[in-house]
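The values are calculated or read from the model by the stated rules, or taken from the named source; none is laboratory data. All figures in this text were calculated on a predicted structure; none of them were measured in a lab. Here the Cβ positions follow ideal geometry from the backbone for every residue, glycine too, while neighbour counts run over all protein chains shown.
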Amino acid sequence: METATAFVVRRDGTMEMMAFPAPLAKVYRYYQKYPGAAAECVTLTLKEYCDGGFSYFAYVPNVDPAHDEARVAARVRAQCPFCRILREHDEPILIDWLYCYVVRAKYPLHPGHLIVVAKEHVPCWFDLSEQTQRSMLLAANDARRIAQAADPTVRGFNLGVNVGPVADQKVPHAHLHVIPRREGDGNA
């Protein structure tokens, strides 16, 4: 049975971390995958439980059946700018592979900044399949060739993956930055 851990408060006022069965585990997964969406579809209720001879209170989720995981994921993808590019083809795709594609950065750090984007909507680089990660790194080689062909003054590159808001990831969809560098262009 799927479980998730949460703090509970017993009747006597003591607190403890305990494992809870699936609805809470399912909501925990929502928070991990879709932090913004989870808050919209979950409310918490204080409930009393009896376990092993003692009672305790815990906040447990009321998961709205209209907000199942597929609907939450679809709403997140609908708002994702990288998913929109694939869906609407409103920006030129420079390289289109089975697992990823390459586009110009909308807000480039340096001229010629390209982005390799996973086709599957996965927020975290580390949660991508190995096949997708390999594909993205190989696509970065082709992106490098495009940048060098467009500008012969390019002397080096920064490759970057930001994972999570504290690492300055602006779009919660796994992507790899390919940033051309030139002599004297300053820090990235």
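General remarks:
- Here residue 142 meets each of (1) of a type in the set (Asp, Glu); (2) at pLDDT below 95; (3) farther than 17 Å from residue 80 by Cα with one exception, condition (2).
- Selection within the stretch 134-161: residues that are charged (D, E, K, R) and within 26 Å of residue 122 (Cα to Cα). The member of this set that is surrounded by the fewest Cβ atoms within 10 Å (Cβ to Cβ) is 134.
- Residue pairs meeting the criteria (Cβ under 9 Å; at least 6 apart or on separate chains; first closer than 11 Å to residue 118 by Cβ, in the stretch 165-179; second among the acidic types (Asp, Glu) and not in a loop (DSSP other than H, G, I, E, B)): 174/127
- Against the list (1) within 30 Å of residue 153 (Cα to Cα); (2) in contact with a Cys (Cβ under 9 Å, 6 or more places away or on another chain); (3) of a type outside the set (S, T, N, Q), the condition residue 121 fails is (1).
- Residue satisfying condition, being exposed (fewer than 14 other Cβ atoms within 10 Å of the Cβ) and acidic (Asp, Glu), within set 96, 127: 96
- The residues in the stretch 162-188 that are surrounded by fewer than 17 Cβ atoms within 10 Å (Cβ to Cβ) and either in a loop (DSSP other than H, G, I, E, B) or not assigned by TED's automatic domain parsing to the domain that holds residue 119 (or both) can be counted, and the count is 13.
- Filtered residues of the stretch 73-98 (kept if part of a loop (DSSP other than H, G, I, E, B) and within 16 Å of the chain's Cα centre (by Cα)): 80
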